[in-house]
Amino acid sequence: REHFYMTNVVDTARMEILESFVKQFYSGTPFIPRELMLQEEIGDMRMIETWLSEKRGGRVHIRVPKIGSKEKLVELAGQNAALILSKDKEKIRREEGRTIGAVKEIALLLRLEHISRMEAFDISNISGFENVGSMVVYEKGKPKRSDYRKFRIQSVSGPDDYACMREVLTRRFLHGMEEKEDLDRRQMDYEFGSFTKFPNLLLMDGGKGQVNIARQVLEELHLDIPVCGMVKDDNHRTRGLYYQNVEIPITISAF
């Protein structure tokens, strides 16, 4: 039994919420069942069935049971969800303060209107030779581990973090642009692709140098994404954000 909480959906139709959830959940899990039972029909049901069948390697059916044991099972799931929600409202409020609230603080510091998805990049090397790039993803203040990625550096030998970062960012965004083009041709939603979601904010594990590399890559690819660096203190803790050529200090009171 797993529970998922929907936010910012007050003015959204139930069918749209359910459709969006099905797409997002099954794009990030390796297990695809033979049958999905829903409370009501969703849009693009046949297309989603085809997509899930391709991922599973076998026929997948989406059903909205009206009678019998399956209908009672779906009804029970709905009742359980409502019960959990009523119990967890205060817990959710506190959690949103730590997640969505923290993201709003970052947006306020950087004077950005909205941040939903953040991607952070770092370069590490083993014994100074084997370079690896890491991508960490946060959506609405929570880690989205299904979107985490590691990039084995192909074009750089030896410790050159700037060149490595250039390769990682170029590969990440080129891959996303190619996936978008492919999905456009197939007339499918961008949510189906793991790289098609671009961030509202790019975070570099470093200061001015790494930020400038990221800006160059984005400019070459004609992408407009805000970039800031995470400036560290002597204990390797983030003391500030380097944004638009200014270091903005992070104080305890800000978070």
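The values are calculated or read from the model by the stated rules, or taken from the named source; none is laboratory data. These numbers were taken from a predicted model, which means no experiment stands behind them. Cβ: placed from backbone, ideal geometry, glycine included. Neighbour counts: every protein chain shown. Just the protein is used for accessible areas: all its heavy atoms, side chains included, with ligands, DNA and RNA removed. Shrake-Rupley method; radii C 1.70, N 1.55, O 1.52, S 1.80 Å.
Can you tell me which residue in region 153-167 is farthest from Glu95 (Cα to Cα), limited to those that are open to solvent by less than 40 Å² (accessible area, probe 1.4 Å) and among the small types (Gly, Ala, Ser)?
Let us first name the residues in region 153-167 that are open to solvent by less than 40 Å² (accessible area, probe 1.4 Å), namely 153, 156, 158, 163-165, 167.
The next check asks that each one be among the small types (Gly, Ala, Ser); those that pass are 158, 163.
Details: Gly158: 43, Ala163: 38 Å.
Among them, the one singled out is Gly158.
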Check your understanding: Considering only region 131-152, how many residues are open to solvent by 20 Å² or more (accessible area, probe 1.4 Å) and assigned to a helix (DSSP H, G or I)?
Key -> 2
Practice item. Give just the number: which of (1) aliphatic (A, V, I, L, M); (2) under 30 Å from Glu54 (Cβ atoms); (3) modelled with pLDDT under 85 does Met177 not satisfy? Key: (3)
Revision key, fill the gap. Contact list, first residue from region 205-225 and open to solvent by less than 20 Å² (accessible area, probe 1.4 Å), second anywhere and part of a helix (DSSP H, G or I) and among the β-branched types (Val, Ile, Thr), beta-carbon distance below 6 Å, six or more apart or interchain, is Val217/Thr170
